[in-house]
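These notes are about the structure you will find just below.
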Amino acid sequence: MSTSTQPRLTHDDPGTHEAFVPTGPLSYRFTIAAKVTSLVAERSLDLARRAVPGGSRLYIEYTDGTVKTYDYLADPGDPDYWEKLSGTILTSGDWALLRSDGVLALDARMTIEVSLPEDGNNKTKLSALFWGVANLALAYPKGPRDENPDQERTGEEAYQLWLKGEPPTEAEIPVKLMLRFDAPSPAPISGTIAERYVKASLHADRYSRLGRNLYVGIGRVTLKTNKDLWSPDTGFAEAVAINVYEVGDRGI
């Protein structure tokens, strides 16, 4: 017999769906921060090649990136207090879609190299995938000179401003993400295996939880407000900082 205290979900009783709640809170684990640059290193104003049904395809790279756990954001009383991750972003690519309704849809992959405080010489590589959204309209709030200044600017209007290379008036906008990680597996007990793989898996048990749970990110995209810095790939985006939270109290 199940010991779960959660109500059973059924397709014919909407009330049970409303009653369902998560089994644990969102717990801060670490922060990812990086600069935003063009993956193809192209700064021409040729937007035609980036046009796709529903918007514009962007090619973004996250450079000079860091991964770090900040003690002041963590909860030391958490029984599942996270390892203090410290590392850098080695490679990345984001095939983002800026939709014509002003929604920036992120779709990124990155390789992160991390180490533990007690073993800084041993590096472990982790793979990260994330999907997220940001509202471009928040970068272009209406001013006194706009028509109907009391009304919020639509995403469609913001998209057209972006296409024209109009600089935003806000220095940052929020971004929300869902993240998934892949961590190395333990090295085989027997058999022949290259030394580099053995080293990479030395702390596999410490990172396995990353690959066994789901994470969400809440952060911000920093924007440049100089018209001359506009890029067809990154627009006015300059940097991103994301606090990563674990969903629930245990991995699957």
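The values are calculated or read from the model by the stated rules, or taken from the named source; none is laboratory data. Quantities reported herein were computed from a predicted structural model and do not represent experimental measurements. Here the Cβ is made from the backbone with ideal geometry for all residues, glycine too, and neighbour counts use every protein chain on show.
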Failed item in (1) under 24 Å from the mean Cα position of the chain (by Cα); (2) at pLDDT below 90, with Lys176 passing the rest: (2)
Any residue that is of a type outside the set (Phe, Trp, Tyr), within 19 Å of the chain's Cα centre (by Cα) and modelled with pLDDT under 90 - is there at least one of those in region 128-142? no
Quick check, is Lys68 modelled with pLDDT of 85 or more, over 23 Å from Asp228 (Cα atoms), of a type in the set (D, E, K, R) and surrounded by 14 or more Cβ atoms within 10 Å (Cβ to Cβ)? yes
I'd like to know if region 201-220 contains one or more residues that are surrounded by fewer than 16 Cβ atoms within 10 Å (Cβ to Cβ), among the hydrophobic types (A, V, I, L, M, F, W, C), at pLDDT below 90 and more than 27 Å from Ala74 (Cβ to Cβ). no
Ile89 fails exactly one of (1) exposed (fewer than 12 other Cβ atoms within 10 Å of the Cβ); (2) modelled with pLDDT of 80 or more, namely (1)
Name the one entry in Arg8, Arg57 that is at pLDDT below 75 and among the basic types (Lys, Arg). Arg8
Of the residues Asp233, Asp249, only one is in a loop (DSSP other than H, G, I, E, B), closer than 18 Å to Thr63 by Cα and either among the basic types (Lys, Arg) or at pLDDT below 90 (or both); which? Asp233
Which residue pairs have Cβ atoms closer than 9 Å, lie 6 or more positions apart in sequence or on different chains, and pair a first residue in region 56-74 that is in a loop (DSSP other than H, G, I, E, B) with a second residue that is among the basic types (Lys, Arg)? Leu58/Arg50; Tyr59/Arg50; Thr69/Arg29; Thr69/Lys84; Asp71/Lys84; Ala74/Arg29; Ala74/Lys84
